[in-house]
Amino acid sequence: MVTKRNKDGLQSAAEAAAQSTLESRNVQVVDRASGQAKRTSLRLEPQMWDALQEIALREESSLNAIVSRIEQRRTASTLTAAVRVFIVSYFRAAATEAGHAGAGHGTRRPPRAR
């Protein structure tokens, strides 16, 4: 499911919350204990699935590989919670000055005097 955008390419938080219903999808992850691939399901909001897919595209990886990396590194939370934290952390890192500079946009300039 693709998130609807307004004419500026943005969606208000209220619009996103009104649309938000959890979607279950199966993913294949490498089990930490056995090292074997296993299928599990995750329930995430459509916007989270969109963000996870965008990360996979940006990282030139598969969704399953991204979730497997999250599974390998998580400690005390559920996989679903770890995925949400990963998504937020990924985009927060991109929103820093260094992240914007690496992407070639978003450098903060002082406002012009009027």
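The values are calculated or read from the model by the stated rules, or taken from the named source; none is laboratory data. Just so you know, these numbers come straight off a predicted model, no measurement behind them. Cβ atoms come from the backbone with ideal geometry, glycine included; neighbour counts cover every protein chain shown.
If you go through the stretch 55-73 and pick out every residue that is over 16 Å from Leu42 (Cα atoms) and hydroxyl-bearing (Ser, Thr, Tyr), you end up with 1. The stretch 3-92 holds helices (runs of 4 or more DSSP H) entirely within its bounds, and those carrying 3 or more residues that are modelled with pLDDT of 90 or more and surrounded by 13 or more Cβ atoms within 10 Å (Cβ to Cβ) map to 46-58, 63-73. Residues considered: Glu71, Glu54, Glu59. Of these, the only one that is farther than 13 Å from Leu22 by Cβ, touching a Leu at 6+ places or on another chain (Cβ under 9 Å) and not aliphatic (A, V, I, L, M) is Glu71.
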